[in-house]
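To keep things clear, I will list the structure first and then write my remarks on it.
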């Protein structure tokens, strides 16, 4: 006779949030590639930049964009942790988060990443960051956001659709 006979299996821990691997690349990678592409393009073919005083104004705007990046990312992460939902963009969300920065933008973390590229471009005067930021935002929307929105609509139904009507995708 087997020793396992008559024993009941131990209850296992609940499974982690469902991860949809292979469907969405980790979105910050898009922005890291954007930084690398901007630097390489600048090294190969630097584009002209504004002279003073316009460049001084743009540097100040760039620092404001970087400050906004930090604020958006910090508050978005804090809001998601408070809601006890996953930060992993490849995982099924546990809760629909509509407060904090999510009350202004449905994608404050991706908006923050885009502002990061714009801010770095303005502060450094590397013109390539500006069009690359727009391309990175477009790629993020097509590769990640539209799929995430589909998952959210599937999971949260009318609550998500009402939220999407109230709050814009970016700003």
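Structure notes:
- Kirkwood Rh and Cα Rg combined as Rg over Rh, evaluated for the chain: 1.15
- For the stretch 66-91 versus the stretch 133-151, the gap between their alpha-carbon centres in whole angstrom: 17
- For the chain, relative contact order (Cα pairs under 8 Å, six or more residues apart, normalised by length) works out to 32 percent.
- Sorted on the mean count of surrounding Cβ atoms within 10 Å across their residues, most packed first, peptides 123-132, 159-168 read 123-132, 159-168.
- GNM remark for the chain: springs join alpha carbons under 10 Å apart, and the peak mean-square fluctuation among 45, 110, 31 falls on 45.
- Largest GNM mean-square fluctuation across 109, 54, 80, computed for the chain with C-alpha springs under 10 Å, falls on 54.
- Among 100, 119, 34, the largest mean-square fluctuation in a Gaussian network model of the chain, built with springs joining Cα atoms closer than 10 Å, belongs to 100.
- Length added when fully stretched, residue 146-residue 39, from 0.36 nm per residue minus Cα-Cα: 35.7 nm
- Segment residue 167-residue 57, extension gain: residue separation times 0.36 nm, minus the distance between their alpha carbons: 36.5 nm
Each reported figure results from applying straightforward, stated rules to the coordinates on display, with no laboratory input. This one's a predicted model, so the numbers in the text were calculated from it and none came from an experiment. Cβ sites come from the backbone with ideal geometry, for glycine too, and all protein chains shown count toward neighbours.
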